[in-house]
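The values are calculated or read from the model by the stated rules, or taken from the named source; none is laboratory data. Please read all numbers here as calculations on a predicted model, not as lab measurements. Neighbour counts are summed over all protein chains in view; Cβ atoms, including those assigned to glycine, are modelled from backbone coordinates with ideal geometry.
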Ligand SMILES: Nc1ncnc2c1ncn2[C@@H]1O[C@H](COP(=O)(O)OP(=O)(O)OP(=O)(O)O)[C@@H](O)[C@H]1O
Ligand SMILES: Nc1ncnc2c1ncn2[C@@H]1O[C@H](COP(=O)(O)OP(=O)(O)OP(=O)(O)O)[C@@H](O)[C@H]1O
Ligand SMILES: [Mg+2]
Ligand SMILES: [Mg+2]
């Protein structure tokens, strides 16, 4: 940066936070300048969110100092932080479900006279919407929105606060590439206005392209802070993980011969947001679903897994028509699904790691309904080690695990069952680069062992790089298919944005 | 119900949604019509005013209780607060020889006890279900101690004006209920306080993140609930002219039943004041019906149970597709 | 409390965690010691056995209620089920002239009514709080109808053996409670059923997606709770020798209070059987203490409320950092 | 009536249990927070003072039969008390606890109700009960109803509303049946409504308002409890009914009720004498403890200065009687 040295917005000095036996932050010192986009990277559990939450007033540090705009703060909570202009977009979506989009966005910042609300909510919302351009309906209750849209609401909520410092903790984890780009534009716009943005993300390319400075964290400590221009992706990765990691996608497993009978098929399935879908997955094949957010990929997966009713069409598993579909029946047939919302749909946060992993497989670890806990522990310990879940405690409290480690626990849960069909809905959301490459490796191994995989991801590189075949999804139907090898992100995007959608029936696998 | 199913249910305005929303009103109207045709004594101004008047104290408690439940809490102490407030009113009226002071003392005492509830819940971070269960025992004991276990009879005169008098044929109690319900509805829907109540009940963490003082909002709802119980007690004690330490026994459960019957979620975040009032009067109509039809009281509880189930089933059936 | 505060609390095993976990036990022991030193009448075998025996039916209900609460439900109908089961037992014993059949009929009746609860809750998809509130009214009405409002006196003889007899000085009721609590603890901690109960209470949607029949698990917990109320009723009616339609009044609230006092979360997902039993006996010791210390009964409710608050505050204080 | 003035020697435990010296009595009130029980207690204490070496302690039964059951057991097992004075919450459930007292050789005197399956049998039905200080509920209820019949003689139809505590309570059921057995024999008498007052003013007020709605013209109000009549009075008066033109009754004989009867507003009241009952019960209990002769049945109707059913005229003859309790 040129010109006069910019003023310091936030300084933290020797900040430490300890949770039980975990030292989440260990004497962290860092300064954030006014008008900079400051990248914060590190592997899962490095302490990024914890740092953000301390700055945002959600957590109290055990020791250390916090200085905001030159003033040392002592009592610090979300309210005081917001009054000082510090706002955080938490990693885990945190909205009031029954309130509308606009109400959520301006929550706590309502205009009022003697406590009586003004009627200008919609006008204010429109103003903000002009800046963001997300196109969300102001009056929809947020619980009716897909996750990605909820994330946009979170972003708008932070903007609505006219903050001088915004901590964005993985704001793009459910956004598609173009929406992420919108956010990056917003960041630049904020920077011009002198706002400080802390950008926590696992997308290192985004960090390098959009941040002024980058701080790398590992094990609760700051490794280094440097101008983004001086960093490289490989350098960041090595600093994060303490060792260089091969970031190339693994090779696809060999595709099954085309005449292999499919393990699962959908024939013109309709129901809810699914409007006529046909596809098939063969054993050992990785089939990707590419689509924009809200295109209905999750709905397709849920219909296949039996969570949502199928109104017409047919689902076949190993050639047999599926009747009386339910998650239970699907699991019994040999399917498994890692849902997109790991906290709401995947994990029982109140129960320890062990119980979460074995939940669908208790039949195996019990006789006449009585559990054999030794067998359970042995099986789970093996998986936890294989997947590198951290902390590696079987009785660990998953609710406080970092996002990436929660995702690994979910993988462990379904890998215990050796499914014939594995549905993965955003399997690497919020996962660090190291873990990501381990998950890719896993996907490939699982497929190589003969499991059919249906892969849904908003990271088109993943879909393009791992799938044998890719279905393009729009408006709840499959609008086309491209072979995986040779597919490019740009090519996929172009097809997805095609103005004139072909008729739904064209989507033959 | 899963979140997605909920999401699905939440979209668009259609007949099932209306039924769900208005189930309690529909039941109320149905019972109203049934009673009107089955006996001529039902549909008279006096009877209707009586029903409204009789249950106004309970309805006032349920109105404030709606805010508590929407905010994610439970107030099981309103009955005990009613008891304390009603003996305090009688005590003050008798010993300070001022009916007016007595009647003013009740809401004040109620608000004070509600404040204690709120402080205990937010300071000690106890769940309100347990905290108010405990405080209801404490308050109940307090009411008995104030009276020494006896009744406090206030000589008639000004003291009974509030409970027995009215504006024309309309009892004051009805007027107070109407005002209180309107005020509460306004608070809930048109003020930042109401917005915060909804958000704290809907997702306390999100509210906290938005800079809302979650504890303070919770505290206010319990204060409000205590105040309402105090107002109800003023009406009740004035009607009877006697402070009784057991006067409020069981009211808290009826009030909560009415709130939930009105469709307010016990998980908080959503609800409506008017539906709780409908809930109170749905239960009241059953009572009234049994009395004026001279039906066998053995069947009253049974009927009440069935009506509640029917109302809820109606609202739930419409949720299916 | 916000989720973050909760999350913060959840880590590591340390002294505060122990206090939190054992708060109810600590209070129980403290009260036990206090009573032992303050009067010689307390620490006698007879008195202790009496306390255990007297509260065994309530404890049995609380034990099963723990499973219901852990599974995310609420059973407000156990008192009414107790009433029905106890009049059914008396009726059968009297009219079929078989004490044994009568005593067997109670648990069966209880289980049947619990099944009806469970079916209503899962089929109609009503929240259990409201459903069991309604069903408790229906069942209460049923109990009155069975008796016609009178008592059903069973001629002494075999009928009272269960309630009054015992193995040596140990009443059968205590033995049954011990077995039932052990069985329930085993079910919760060592069986797939228990694991499912915990996960359904913790996150019903995740459980459903893991292939668990959520509704069936819920239904079983209510069935179990009804069965427990029936067993409790068999003991109770056998003790008294008479079926009374009001026998169970108020039991449901005491049982739930004990469960929550034992630290089981009203949101489900976590809890322990033995702590509910401690909760029951903590309340029982207060009662017993007042009686044998000859303390002014005016202060009993007040004291109970304060002890509950103290127990909870103890467990919560240790949660802070 | 069942009253029996024949003295019998308390014989169910051996005379060797006779005790000299101070006597400690546990008064198990149905609820200590209740005027009626308080009056029993006051009477008991007064009598104890007369003795000088007798002490009475009150226990709170919380209107809950299980609580009282436990209290009997606890008292029996502790050995602190020499006798139990019982104001029972229910007649049958508590009976099961009495044998424990009998075993511990602690005599029990019951007031207000007999203990045992038969509510109309005053003679001790359970081993351990040495004396019943009570009146026959059925007969008293019939007497109250007979007053109404007399009032109705030249009225056709004569519309009667009954306000009963709670029909689910056996003794209230008994009272209601007793009323009906008297009234139903008279074709001119129509029982137009039966409401439940739950011994509570507010509940009774509501019930009466509702009843008046369907039956604006009432001739008789039969109520088994004064508290209920007081609540009903509010409803009647605010509906513009002059009580003196009706036949209004109450039950219990509390001070308010006696005032109303004297004022001519209520036509009759069925009087209880809790204070005298407390005294009489202590007397029997002390006799039992000391091995003196015990009267197994003390008819409570005979304990007070006035007959069990009082009217304005009767009270006129007893200007000093004010009622033995206040609620
Ligand atoms: N509330 C809490 N209680 C206990 N431990 C916690 C809590 N929050 C975080 N931790 C632990 O602190 C460490 C740092 O967590 P944090 O969430 O800050 O990591 P992160 O860098 O944001 O990781 P991710 O990239 O996965 O989001 C982790 O080991 C986590 O398990
Ligand atoms: N239950 C439902 N009923 C009707 N429409 C729904 C329902 N659930 C979601 N939708 C809508 O269907 C569309 C597809 O949503 P879905 O979440 O399946 O998209 P997606 O492609 O998986 O996107 P994401 O990236 O959020 O996972 C969205 O527009 C959403 O609003
Ligand atoms: Mg994080
Ligand atoms: Mg999706």
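Annotations for the structure displayed:
- Residue within the range A:216-230 that is assigned to a loop (DSSP other than H, G, I, E, B) and either away from ligand 1 (no atom under 16 Å from the Cβ) or free of Cβ contacts under 8 Å to residues at least 40 places away in the same chain (or both) present: no
- Filter result (touching a residue at least 40 places away in the same chain (Cβ under 8 Å), more than 26 Å from residue B:73 (Cα to Cα) and buried (at least 22 other Cβ atoms within 10 Å of the Cβ)) within the range B:286-321: B:288, B:292
- Any hit, the range B:262-278, residues being surrounded by 24 or more Cβ atoms within 10 Å (Cβ to Cβ), touching a residue at least 40 places away in the same chain (Cβ under 8 Å) and either within 14 Å of chain D (Cβ to nearest Cβ) or in contact with a strand residue (DSSP E or B) (Cβ under 9 Å, 6 or more places away or on another chain) (or both): no
- Any hit, the range D:234-249, residues being modelled with pLDDT of 95 or more and surrounded by 24 or more Cβ atoms within 10 Å (Cβ to Cβ): yes
- Subset of the range A:343-374 that is surrounded by fewer than 23 Cβ atoms within 10 Å (Cβ to Cβ) and within 16 Å of ligand 2 (Cβ to nearest atom) - its residue that is farthest from the other protein chains (Cβ to nearest Cβ): A:343
- Failed condition for residue A:163, given (1) within 16 Å of ligand 4 (Cβ to nearest atom); (2) within 12 Å of chain B (Cβ to nearest Cβ): (1)
- Residue among B:232, B:257, B:228 that is under 12 Å from the mean Cα position of the chain (by Cα), at the interface with another protein chain (Cβ under 8 Å from one of its Cβ atoms), in a helix (DSSP H, G or I) and crowded, with 21+ Cβ neighbours inside 10 Å: B:257
- Residue in the range A:277-285 that is farther than 30 Å from residue C:70 by Cβ and at the interface with another protein chain (Cβ under 8 Å from one of its Cβ atoms) present: no
- Look at (1) in contact with a strand residue (DSSP E or B) (Cβ under 7 Å, 6 or more places away or on another chain); (2) more than 9 Å from chain B (Cβ to nearest Cβ) and you find that residue A:113 fails only one, number (1).
- Hits in the range A:126-161 - residues which are touching a strand residue (DSSP E or B) at 6+ places or on another chain (Cβ under 6 Å) and within 16 Å of ligand 1 (Cβ to nearest atom): A:154
- Residue A:343 within 18 Å of the chain's Cα centre (by Cα) and within 16 Å of ligand 4 (Cβ to nearest atom): yes
- Residues being under 21 Å from the mean Cα position of the chain (by Cα) and in a helix (DSSP H, G or I) - total across the range D:263-296: 12
- Restricted to strands (runs of 3 or more DSSP E) entirely inside the range D:111-199, those with at least 3 residues that are over 15 Å from the mean Cα position of the chain (by Cα) and surrounded by fewer than 22 Cβ atoms within 10 Å (Cβ to Cβ) are D:189-196.
- Flag if residue B:84 is within 14 Å of chain C (Cβ to nearest Cβ) and at pLDDT 95 or above: yes
- When the test is whether a residue is farther than 14 Å from residue D:128 by Cα and buried (at least 24 other Cβ atoms within 10 Å of the Cβ), residue D:71 passes it.
- Considering residues of the range A:15-63 that are on the phi > 0 side of the Ramachandran plot and either away from ligand 1 (no atom under 15 Å from the Cβ) or surrounded by 22 or more Cβ atoms within 10 Å (Cβ to Cβ) (or both) only, the residue modelled with the lowest pLDDT: A:45
- Screening the range A:416-425 for residues that are surrounded by fewer than 22 Cβ atoms within 10 Å (Cβ to Cβ) and within 14 Å of chain C (Cβ to nearest Cβ) and picking the one that is nearest to ligand 1 (Cβ to nearest atom) gives A:416.
- Looking only at the range D:49-66, and only at residues there that are under 27 Å from residue B:140 (Cβ atoms) and either more than 20 Å from the chain's Cα centre (by Cα) or part of a strand (DSSP E or B) (or both), the one that is farthest from the other protein chains (Cβ to nearest Cβ): D:56
- Restricting the range A:293-331 to residues that are surrounded by fewer than 19 Cβ atoms within 10 Å (Cβ to Cβ) and within 16 Å of ligand 4 (Cβ to nearest atom), the residue that is modelled with the highest pLDDT is A:294.
- Among the candidates C:177, C:198, C:187, residue that is part of a helix (DSSP H, G or I), away from every other protein chain (no Cβ under 12 Å), touching a residue at least 24 places away in the same chain (Cβ under 8 Å) and closer than 27 Å to residue C:80 by Cα: C:177
- Residue check for residue A:118: more than 16 Å from ligand 1 (Cβ to nearest atom) and under 25 Å from the mean Cα position of the chain (by Cα): no
- Test: residue in the range A:191-202 that is away from chain B (no Cβ under 14 Å), part of a helix (DSSP H, G or I) and either away from ligand 3 (no atom under 16 Å from the Cβ) or under 24 Å from residue A:14 (Cβ atoms) (or both): yes
- Filtered residues of the range A:157-184 (kept if in a loop (DSSP other than H, G, I, E, B), away from ligand 3 (no atom under 16 Å from the Cβ), touching a helix residue (DSSP H, G or I) at 6+ places or on another chain (Cβ under 7 Å) and farther than 20 Å from residue A:82 by Cβ): A:175
- Hey, residue A:154 more than 16 Å from ligand 2 (Cβ to nearest atom) and either at the interface with chain B (Cβ under 10 Å from one of its Cβ atoms) or not in a loop (DSSP other than H, G, I, E, B) (or both) or not: no
- Every residue from the range B:16-29 that is surrounded by fewer than 16 Cβ atoms within 10 Å (Cβ to Cβ) and within 17 Å of residue B:289 (Cβ to Cβ): B:29
- Scanning the range D:21-48 for residues that are more than 14 Å from chain B (Cβ to nearest Cβ) and surrounded by fewer than 24 Cβ atoms within 10 Å (Cβ to Cβ) yields D:21, D:22, D:23, D:24, D:45, D:46, D:47, D:48.
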